[in-house]
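Okay, structure first, notes after.
The values are calculated or read from the model by the stated rules, or taken from the named source; none is laboratory data. Just so it is clear, the structure is predicted and the values come from calculations on it, not from any experiment. FYI the Cβ positions are ideal-geometry reconstructions off the backbone, even for glycines, and counts take in every protein chain you see. With ligands, DNA and RNA removed, areas are computed over all heavy atoms of the protein, side chains included. Shrake-Rupley method; radii C 1.70, N 1.55, O 1.52, S 1.80 Å.
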Amino acid sequence: MADLSTTYTGLKFENPFLLASAPPTESDSNIMRAFDAGWGGVVTKTIGLHPVVNVKGPKTKFLRAENSGYRLSMNKRPDTTLVASWNWELISDKTIDWWLPRIESIKKAFPHKILIASIMAGSGSDKELHNWQMLTQGVQDAGADGLELNFSCPHMDRIDMGSNVGKDKVLCSVVTMAVKEVAKVPVWVKLTPATSNIAEEAEASFRGGADAISSSNTWPSLPIIDPETLEFEMNVEGYCSPGGLGGPAILPMSLAKMAQMTKAFPDGAFSGIGGVANFDHALSYFLLGCGTVQVCTAAMLDSAIGPNVIKTLNAGMAAFLDKNAHRGWTRLDDFRGLRRDRIVPHSQIKRPEKADYHGGYDADTEGYAAATTATTVSS
Ligand SMILES: Cc1cc2nc3c(=O)[nH]c(=O)nc-3n(C[C@H](O)[C@H](O)[C@H](O)COP(=O)(O)O)c2cc1C
């Protein structure tokens, strides 16, 4: 049996695969089903101090592309492939008082599984920083193994909440410091991908004392407009608001964000999120240096908590270790970060010999016109 276990921010995981903070972890019953199914850990749906009210109507839909053709739509139809999830769901609509006894009973039932509590509060005053501390103390006293600070929810109007914290380096440091003052468990920070150089917010969070960075949350985006009705495919009485894109579409973009951080902090701890549905996807994050990965969209579409997804991830990792046993690889740390240093500035990528150069076009690259040589046009 391959050893899939790993230690990340001092916590021992039986495998490096977690359910991300989202609907799959919105209740104790979901989380316990997830642990039974084999997930190494979960990050709870984000817990706040004040109740939230979601929009009237669906909170998440799934964008699918025709198998042959270009039509993208959230309307369910045959012969399509998943491209992305799109959501405008707020944090947990359950109160902290609802969560605390449930965290306690989950940990009693599954003492060896890792439960990270995702928390969020405002950040604009000392009173609000104190709210972060109250949440921290509550969930850690209930038995949470760690915290994930939500600096990444894309749906907040307030400039001192959610992804607006993740866009402000000072707030990233200040909130992390406030939490670290009272935290007795590891503190992860979940950053928004909606900034130009995420390594800067990672640095600010590490300066505040963060033990790890998680990324990506969903990407700011709008639903497509239906060409027949001229309505956004997701709207309430005709109105829409930017929401978050997740799933396969964001895998390459989230990898790029992750690489910015792992290259800047090769010794830092990073949890990769975005578009993971099988071990190949997770492997890209591991090879960039991540110590765990998290899954949301793929799990939502697999009986809500991903029993087949976790089976595939575990089996994929076991097969990968088996295939690479001849290299002496027996666990994640043996191959983690191996491709981080292959990302270099464009100018450092080798050019072909002059004779092979096609004026910027590769003669047989799909999607490009064939290389042409200048000829005289005669009329
Ligand atoms: C419906 C929905 C709700 C989510 N709620 C939260 C949340 O409460 N807190 C959080 O940190 N991330 C939340 N997320 C973001 C996910 O945890 C994850 O970062 C994102 O979906 C990208 O992962 P994926 O490509 O596997 O879906 C939510 C995502 C979805 C689709």
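Table for the structure above
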quantity	calculated
Carbon + sulfur, % of accessible area of segment 225-339 - ligands and nucleic acids excluded, 1.4 Å	55 percent
J(HN,Hα) series, segment 227-235, from Karplus relation 6.51 cos²θ - 1.76 cosθ + 1.60, nearest Hz, glycine and proline x	x, 7, 8, 6, 9, 4, 5, 10, 7
Peptides 131-144, 284-297 ordered by average Cβ neighbours within 10 Å, highest first	284-297, 131-144
Net charge of Cβ neighbours under 12 Å - reference Asp28; Lys, Arg +1; Asp, Glu -1	+4
Integer Hz, Karplus 6.51/-1.76/1.60 couplings in order for segment 156-168, x for Gly and Pro	9, 6, 5, 7, 10, 9, x, 5, 5, 6, x, 9, 10
For segment 30-143: rounded, prolate or oblate by the Cα gyration tensor [a/c cutoff 1.5]	oblate
Above-threshold pairs, the threshold being 24 Å between Cα atoms, out of Lys12/Lys107; Lys113/Lys311; Lys61/Lys108; Lys61/Lys113; Lys59/Lys169; Lys12/Lys190	Lys61/Lys108; Lys61/Lys113; Lys59/Lys169
Given charges at beta-carbon only (K, R positive; D, E negative), |dipole| of segment 68-207 in Debye	460 debye
Relative contact order of segment 9-64, pairs being alpha-carbon contacts under 8 Å that are 6 or more residues apart, as %	37 percent
For segment 46-59, 3J(HN,Hα) per residue [Karplus equation, 6.51 cos²θ - 1.76 cosθ + 1.60, θ = phi - 60°, Hz, x = Gly/Pro]	4, 9, x, 8, 10, x, 10, 10, 7, 5, 7, x, x, 9
Hydrodynamic radius (Kirkwood) for segment 124-166, which is based on Cα pairs only, to one decimal in Å	11.3 Å
Computed helical MRE - 222 nm, the chain, DSSP H runs ≥ 4 contributing -39500 (n - 2.57), nearest 500	-9000 deg cm²/dmol
Surface share of carbon and sulfur [accessible, 1.4 angstrom probe, percent] for segment 90-223	54 percent
Beta bridge orientation in the chain: antiparallel %, DSSP, nearest 5	45 percent
Residues of the chain: accessible area per residue with a 1.4 Å probe, Å²	48 Å²
Debye intensity ratio in log₁₀ form over the Cα atoms of the chain, taken at each q of 0.07, 0.12, 0.13 Å⁻¹	-0.34, -0.93, -1.07
Segment 225-343: relative contact order in percent, alpha carbon pairs under 8 Å with at least 6 residues between	23 percent
Per-residue SASA entry for Asp126, accessible area with 1.4 Å probe, Å² rounded to 10	130 Å²
Normalised contact order of the chain, rounded percent, pairs of Cα under 8 Å and 6 or more residues apart	17 percent
Amide H within-cut-off set for Gly40, under 5 Å, with H built and near neighbours excluded	Asn15, Phe17
Cα shape, segment 282-349, gyration tensor, a/c 1.5 rule	oblate
For the chain, with +1 on Lys and Arg beta carbons and -1 on Asp and Glu, the positive-most of Ala299, Ala2, Ala264 along the dipole	Ala2
